[in-house]
Amino acid sequence: HGGHSRVMKIILFILWLLFFPNSIYMLTDFIHILGYPFYSGQLWIRIVYIGIGFFMGILFGLLSLRIIHRLLCRRFTSWVSQTLCMAVIFLLTGYGIYLGRFVRLNSWNVIHLGKVLNAVASSGTMFAFEFTLIYAFFTCVCYIIYCVLCPDKEIC
């Protein structure tokens, strides 16, 4: 409960935030089925293979988001503050997916901060903005569905 604990919580939250978009990013792996004929057995095997990975990734990702949401509810008493924090998480997730799929950055690239900052500075396109919003919205909708299907009495 001292200063070290607070710093550790912030570090752990930043690490979580760096890796959380990977769980939603897995949806974009379906791009790897392009080029296979519709009646190809390999197409359907790949769909199942990628689908299982995506389902597991999003399920555990949303569970981790639920834990973060619970912690935010304890930290911020205002519903507005909690909603704003969640909106920022959704937007950063959408942008993280964009950086991963199109700029080809990975979560661990944060150790090369100069490379990341250059990539962020040069990715200010309308497509990046639209992609970020679409995937932020997708993440938000998935989280709402998750919360409806798996209610948590401890959330706010």
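Somewhere in region 79-93, is a residue of a type in the set (Gly, Ala, Ser) and part of a helix (DSSP H, G or I)?
If we filter region 79-93 for residues that are of a type in the set (Gly, Ala, Ser), which is where we start, we get 81, 87.
Filter once more, so that each one left must be part of a helix (DSSP H, G or I): 81, 87.
Yes, the conditions are met somewhere in region 79-93.
Phe137 meets each of the listed conditions (1) free of Cβ contacts under 8 Å to residues at least 12 places away in the same chain; (2) open to solvent by 70 Å² or more (accessible area, probe 1.4 Å); (3) within 22 Å of Ile58 (Cα to Cα) apart from (1).
Residues that are assigned to a loop (DSSP other than H, G, I, E, B) and within 15 Å of Leu99 (Cβ to Cβ) within region 4-45 comprise just one, Phe20.
Of the residues making up region 5-27, none is touching an Asp or Glu at 6+ places or on another chain (Cβ under 7 Å), open to solvent by 30 Å² or more (accessible area, probe 1.4 Å) and charged (D, E, K, R).
The set of residues in region 5-50 being under 17 Å from the mean Cα position of the chain (by Cα) and not aliphatic (A, V, I, L, M) consists of Phe13, Trp16, Phe19, Phe20, Pro21, Asn22, Ser23, Tyr25, Thr28, Asp29, Phe30. None of Leu99, Leu105, Leu62 is open to solvent by less than 60 Å² (accessible area, probe 1.4 Å), under 16 Å from Met26 (Cα atoms) and not in a helix (DSSP H, G or I) except Leu105.
Look at region 75-94 and say how many of its residues are open to solvent by 50 Å² or more (accessible area, probe 1.4 Å) and under 18 Å from Ile24 (Cβ atoms). Selection size over region 75-94: 3.
Residue pairs whose Cβ atoms lie under 6 Å apart, sitting 6 or more positions apart in sequence or on different chains, and linking a residue in region 26-40 that is without any contact (Cβ under 8 Å) to a residue 40 or more places away in the chain and among the aromatic types (Phe, Trp, Tyr) to a partner that is part of a helix (DSSP H, G or I) and loosely packed, with under 13 Cβ neighbours inside 10 Å, are Tyr36/Gln42.
Residues considered: Ile145, Ile89. Of these, the only one that is within 16 Å of the chain's Cα centre (by Cα) and more than 23 Å from Lys9 (Cα to Cα) is Ile145.
Residue-by-condition table, conditions (1) aromatic (Phe, Trp, Tyr); (2) modelled with pLDDT of 95 or more:
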{"residue": "Gln42", "(1), (2)": "no, no"}
{"residue": "Tyr49", "(1), (2)": "yes, no"}
{"residue": "Ile58", "(1), (2)": "no, yes"}
{"residue": "Ser64", "(1), (2)": "no, yes"}
{"residue": "Arg75", "(1), (2)": "no, no"}
{"residue": "Thr83", "(1), (2)": "no, no"}
{"residue": "Val88", "(1), (2)": "no, yes"}
{"residue": "Ile97", "(1), (2)": "no, yes"}
{"residue": "Asn106", "(1), (2)": "no, no"}
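Arg70 meets all of the listed conditions (1) open to solvent by 80 Å² or more (accessible area, probe 1.4 Å); (2) among the basic types (Lys, Arg); (3) part of a helix (DSSP H, G or I) but one, namely (1). Taken as a whole, the structure places Thr93 among residues that are among the polar types (S, T, N, Q) and either under 23 Å from Trp108 (Cα atoms) or in contact (Cβ under 8 Å) with a residue 40 or more places away in the chain (or both).
The values are calculated or read from the model by the stated rules, or taken from the named source; none is laboratory data. Note that this is a predicted model, so its numbers are computed, not measured. With ideal geometry, Cβ positions are generated from the backbone for all residues, glycine too; neighbour counts draw on all protein chains shown. Accessible surface areas use protein heavy atoms only, side chains included; no ligands, DNA or RNA. Shrake-Rupley method; radii C 1.70, N 1.55, O 1.52, S 1.80 Å.
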